Structures are given as C-alpha cells and as structure tokens.
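J.: Quick one: the structure is below, questions incoming.
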Amino acid sequence: MYLPAHFKVDDPTLLAEVMQAAPLAMLVTLADGVPTADHLPLTLTPASTGWQLQGHIARANPMHRHVANGTEVLAVFRSADSYVTPNHYPSKKEHGKAVPTWNYQVVHVRGRLTWHTDADAARAIVTTLTQEHEAGRAHPWAVSDAPVDYLETMLKAIVAFSIDITSMVGKFKASQNRVATDREGLRRGLAEDGLTESEIAALAREPQP
C-alpha cells in the first residue's frame, strides 16, 4: 500500500477502532500463487501471544485446503470513504490548484493463520463473534438459542481460524495535506453531501502533531 507519511496511522487504539467499526474484512491469500480475496467478518481479541483476529469460513470454501497453518495472510479493513470534489476547497476559487480525490480509512493487518478444526474451538469463535455483534440489541441472539443437533450440524459445516497479528498499519487519507481553510471547507461540503458527523470526522482530519 502506498503510504505517504501524512496519511500513515500506527496508533493501535485508532486502528482497533476502525477494525471494530468495520469488521467485514477482505482476507487476501494465495491459491497456487494466485491472489484470492474472501470477505469475512473478523473479530479482534487478546491472546497469549498478543492480539488475534478470529473468524470462520464455510467448509466448502477451498481456502482451508490451499492455505497451510502458519501462512502469512493479509486482512484489509475499510471504514468511511467518500469522493471529494475540488469545489469543497476554498483555495480552488483562489488559484484553481485542486483536483478530485477520494478520502478513506483503511487498516492493513498481517499475521500468521492457524486453522481450528475441532468443534469446541469453532463453537468458541462463533460464540465470540455472535456476542460481539448481538451486543446492544434489545433481545440478543445467543448460540445456545439454537437446537443442539442443528448447531452441531452447522458447526461441522465451517472451519474456524485465528490469525496471530504480526503487524498492522492504517492509511487515513483525510486531506491532512491541505491548509486549514480547505479542511474546514471539506467538512462543510461533506455535510452538504449527506455524510454523517462520524464520517466527516473520519474523512476531514487534522494533521498529526
């Protein structure tokens, strides 16, 4: 990933916020040397070795056959993004030196994948994912709500995995390289475009100190 210094973010807290807010990751692996991408919800959890990503795939997915234990993989999380017209920048009216661009937040996570083929491990990972995404609902669904025989059948149809994280970095492209008046103009423009306050905060950021 091309990563100019003014867009680079390596604060683990900020990266975790993006990963938790946009948990549907693109998991990139190699199948006989050919890049392959799967789109999977992943959860960030602490582990004895540091931090892990956890998830599962359908057993019919060939990924668990072409990716061996210990293989390095890449998970890409993408949060807010938006087209940016030069008209949002006040400086465009002054000198015309502005072109269209696209602002976005992404986090790239590298790590080594381990498959968990036993039912207990699959149940634990599915339970963690479920609890995370059902939290806050008035009537949260629990894994234990499903009939035992049905749940056993469903667990046999998936393969769970964890990824021991070795590195992660974010690219928060949010016009940090523009002057303050342009960043303020961008905030107004994104609001007019219908973006939410949280999206605007993500896509029109102040430069890092």
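The values are calculated or read from the model by the stated rules, or taken from the named source; none is laboratory data. All of these numbers come straight from a predicted model, not from anything done at the bench. With ideal geometry, Cβ positions are generated from the backbone for all residues, glycine too; neighbour counts draw on all protein chains shown. Only protein heavy atoms, including side chains, enter the accessible area calculation; ligands, DNA and RNA are left aside. Shrake-Rupley method; radii C 1.70, N 1.55, O 1.52, S 1.80 Å.
J.: What is the chain's relative contact order, in percent, from Cα pairs under 8 angstrom and six or more apart in sequence?
T.: Value for the chain: 27 percent.
J.: Next question, about the same structure. For Tyr89, Tyr2, what's the largest-to-smallest order of accessible area, 1.4 Å probe?
T.: Tyr2, Tyr89
J.: If you don't mind, there's one more thing I want to ask. I'd like the accessible area for Glu152, computed on protein heavy atoms only with a 1.4 Å probe and all protein chains in place. Round to 10 Å², please.
T.: 90 Å²
J.: Something else: So how strong a dipole does the chain carry about its Cα centre when Lys and Arg Cβ are +1 and Asp and Glu Cβ are -1, to the nearest 20 debye?
T.: 720 debye
J.: Let me ask you something else. Near Lys171, which lysines are there with a Cα under 19 Å away, not counting those fewer than 8 places off in the same chain?
T.: Answer for Lys171, where 19 Å is the Cα cut-off: Lys8, listed by chain and number.
J.: Most fluctuating residue of Pro147, Pro90, Pro12 in a GNM of the chain with Cα springs under 10 Å: which is it?
T.: Highest fluctuation of the listed residues: Pro147.
J.: Run the numbers for Asp145 and Glu197: contour at 0.36 nm per residue of separation, minus the present Cα-Cα distance, in nm.
T.: 15.0 nm
J.: Using the heavy atoms of the protein chains and a 1.4 angstrom probe, tell me the accessible area per residue for the range 81-209 in square angstrom.
T.: Using a 1.4 Å probe on heavy atoms only, each residue of the range 81-209 averages 57 Å².
J.: For Lys8 and Arg78, calculate 0.36 nm times their separation in residues minus their Cα-Cα distance, and state this gained length in nm to one decimal. Show your work: numbers first, answer last.
T.: On the way: separation 70, 0.36 × 70 = 25.20 nm, distance 1.45 nm.
Full-extension gain reported as 23.7 nm.
J.: Right, another one. Under the classification rounded if a/c is under 1.5, otherwise prolate if a/b is larger than b/c and oblate if not, where does the range 1-55 fall, given a ≥ b ≥ c as square roots of the Cα gyration tensor eigenvalues? The partial results should precede the final answer.
T.: On the way: a/c = 1.83, a/b = 1.16, b/c = 1.58.
Verdict is oblate for the range 1-55.
J.: Per DSSP H run of n ≥ 4, the term is -39500 (n - 2.57); total these for the chain, divide by its residue number, and report the mean residue ellipticity at 222 nm rounded to 500 deg cm²/dmol.
T.: -9000 deg cm²/dmol
J.: If you don't mind, there's one more thing I want to ask. Near Glu17, within a Cβ-to-Cβ distance under 15 Å, what is the net charge of the other residues, with Lys and Arg +1 and Asp and Glu -1? Could the numbers behind the result be given before it?
T.: Values: positive: Arg78, Lys171, Arg205; negative: Asp10, Asp11, Glu132, Glu199.
Around Glu17, the surrounding residues sum to -1.
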